[in-house]
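Report on the following structure.
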Amino acid sequence: MEQTRQLVETITKGIQEKKGSNIVIADLSDIEGTICKYFVICQGNSPAQVEAITESVGDMMREELSEKPSAVAGLENAQWVAMDYADVLVHIFLPDVREFYDLEHLWADAKLTRIPDLD
């Protein structure tokens, strides 16, 4: 479990590095039948920022934890990028796409932690 927490912390740091905002960590570990233990959800204000956040998370995970995602999907249009780190799935959205899919409320049983935006 400690390793999973490290993944979440490093992912959060990578998001903040590129001014990703509205970060929510959904703890799915107590919910039966989920595909992972955590969702880390955030947003960027443009496709370019979504790409930059994705790159920052990937770089930070590689440099600090020697971790690579098993899959990255959505970079073609950069409206919703998903990065798969086995126990942790990272979702990087444009604001309107995030609002439409509303992942935070899809997992109503999950414990949600909101990370304050950095100035």
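The values are calculated or read from the model by the stated rules, or taken from the named source; none is laboratory data. Note that the structure is a prediction, hence the values are computed from the model and not measured. Positions of Cβ are generated from backbone atoms using ideal geometry, with glycine treated the same way; all protein chains shown enter the neighbour counts.
Among the residues of segment 73-99, what is the count of those that are more than 19 Å from VAL57 (Cα to Cα) and touching a strand residue (DSSP E or B) at 6+ places or on another chain (Cβ under 9 Å)?
2
Does ALA48 satisfy the criteria of being touching a His at 6+ places or on another chain (Cβ under 7 Å), of a type outside the set (Lys, Arg) and modelled with pLDDT of 95 or more? Reasoning before the result, please.
Working: touching a His at 6+ places or on another chain (Cβ under 7 Å): no; of a type outside the set (Lys, Arg): yes; modelled with pLDDT of 95 or more: yes.
Criteria not met by ALA48.
Being more than 14 Å from the chain's Cα centre (by Cα) and in contact (Cβ under 8 Å) with a residue 12 or more places away in the chain is true for just one of ALA52, ALA48, ALA108, ALA26. Which residue is that?
Result: ALA48 is the single residue among ALA52, ALA48, ALA108, ALA26 that is more than 14 Å from the chain's Cα centre (by Cα) and in contact (Cβ under 8 Å) with a residue 12 or more places away in the chain.
Checking the condition touching a helix residue (DSSP H, G or I) at 6+ places or on another chain (Cβ under 9 Å) and not acidic (Asp, Glu), which residue from LEU89, LEU7, LEU28 passes? Quick ask: steps written out before the conclusion?
Working: LEU89 fails: touching a helix residue (DSSP H, G or I) at 6+ places or on another chain (Cβ under 9 Å); LEU28 fails: touching a helix residue (DSSP H, G or I) at 6+ places or on another chain (Cβ under 9 Å).
Sole residue among the options that is touching a helix residue (DSSP H, G or I) at 6+ places or on another chain (Cβ under 9 Å) and not acidic (Asp, Glu): LEU7.
In the set VAL90, VAL81, VAL97, VAL72, which member is β-branched (Val, Ile, Thr) and more than 14 Å from the chain's Cα centre (by Cα)?
Details: VAL90 fails: more than 14 Å from the chain's Cα centre (by Cα); VAL81 fails: more than 14 Å from the chain's Cα centre (by Cα); VAL72 fails: more than 14 Å from the chain's Cα centre (by Cα).
Just one listed residue meets the conditions, VAL97.
Out of the strands (runs of 3 or more DSSP E) lying entirely within segment 7-119, which hold 2 or more residues that are buried (at least 19 other Cβ atoms within 10 Å of the Cβ)? Give the derivation first.
Values: elements: 21-27, 38-43, 71-73, 80-85, 88-93, 111-115.
Counting at least 2 such residues, we get 21-27, 38-43, 80-85, 88-93.
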